[in-house]
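Sharing a structure with you now.
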Amino acid sequence: MRLGVTVTPEALLPGSRPASSTRRSAGRDRRAGQSLVEFALVFPIFVTMLMGIIEFSFVFNALLGVNFASRDAALAGAEAGDTLGADCVILRAVDDAVGPPTSDERIVSIAIYRASPNGTQLGAPTVYTRGGSTACSFIDGSTSTQPYTQTSNGYPESARCNILIGCDVSRTTVDNVGVRITYTHAWVTPIRNFIGGGSGGLTFDRSSVMRMEPVL
């Protein structure tokens, strides 16, 4: 009895594979090559998005930290009023409030100014830049040195009004003291290479205003 099977000469050769198996293998190779091309196209986009999320997290943290530091410093300035050494109290409050992952070494400058009730700056500020040192003396005889250099004194300690009935004709009540912090965020990831941010980092400022604690 013979079975209806046709055997081709190629099938009898050693190591030969059926045509259907060869087609399946070729199909798998094409799919693997397509997946590799798709991965090569998508992977850079994925990495860039990941770096952007990480960098945004650090920038947002720095914004919140500096904003909190300005509020803390403005509160310290409102309590210090026109007392001797008020500026050092403000500078120290800023450095104490700026903590990891932000760094007080990245603070560019701190401006102390008189403000209107709605926060608008009035007149020239007193400005301190990071670097050098400023020594302050307090009314109790103690001293404090802060790592800042005074570059202008437009709103000196003695000119701040914390008397409830006012200090002169133009100031009929206590001052509103403002503190503005300028800060440079150092890039954490190589995302700067994609957005053209340069090597200097991202510089921004945050400010807060507080009404001075009145002296009756």
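Of all residues being among the hydrophobic types (A, V, I, L, M, F, W, C) and touching a Ser or Thr at 6+ places or on another chain (Cβ under 9 Å) in the stretch 132-166, which is nearest to Leu75 (Cα to Cα)? Just the residue, please.
By that ranking, first place goes to Cys161.
Here's something else I'd like to know. Got a sec? Which strands (runs of 3 or more DSSP E) wholly within the stretch 68-161 have at least 1 residues that are out of contact with any helix residue (DSSP H, G or I) (no Cβ under 8 Å at 6 or more places or on another chain) and crowded, with 21+ Cβ neighbours inside 10 Å?
Where strands (runs of 3 or more DSSP E) fall fully within the stretch 68-161 and carry at least 1 residues being out of contact with any helix residue (DSSP H, G or I) (no Cβ under 8 Å at 6 or more places or on another chain) and crowded, with 21+ Cβ neighbours inside 10 Å, they are 107-115, 121-137.
While we're on this one: Only residues that are surrounded by fewer than 17 Cβ atoms within 10 Å (Cβ to Cβ) and within 14 Å of the chain's Cα centre (by Cα): list them for the stretch 162-188, please.
Correct list: Thr184, Ala186, Val188.
Output the residue which, of all residues in the stretch 114-129 that are within 23 Å of the chain's Cα centre (by Cα) and at pLDDT 95 or above, is farthest from Pro156 (Cα to Cα).
Thr129
Just checking, which of Gly81, Gly65 is touching a strand residue (DSSP E or B) at 6+ places or on another chain (Cβ under 8 Å) and at pLDDT below 95?
Criteria check complete, one pass: Gly81.
Filter the stretch 170-216 for residues that are farther than 30 Å from Glu79 by Cα and not in a loop (DSSP other than H, G, I, E, B); which is modelled with the highest pLDDT?
Leu202
Could you please find all residues in the stretch 110-135 being touching a residue at least 60 places away in the same chain (Cβ under 8 Å) and over 18 Å from Phe68 (Cβ atoms)?
Of everything in the stretch 110-135, those that are touching a residue at least 60 places away in the same chain (Cβ under 8 Å) and over 18 Å from Phe68 (Cβ atoms) turn out to be Tyr113, Arg114, Ala115, Ser116, Pro117.
The values are calculated or read from the model by the stated rules, or taken from the named source; none is laboratory data. Only a predicted model underlies this, so the values are computations on that prediction, with no experimental measurement involved. Because the Cβ atoms are built from the backbone with ideal geometry, glycine has one as well, and the counts that use them run over all protein chains shown.
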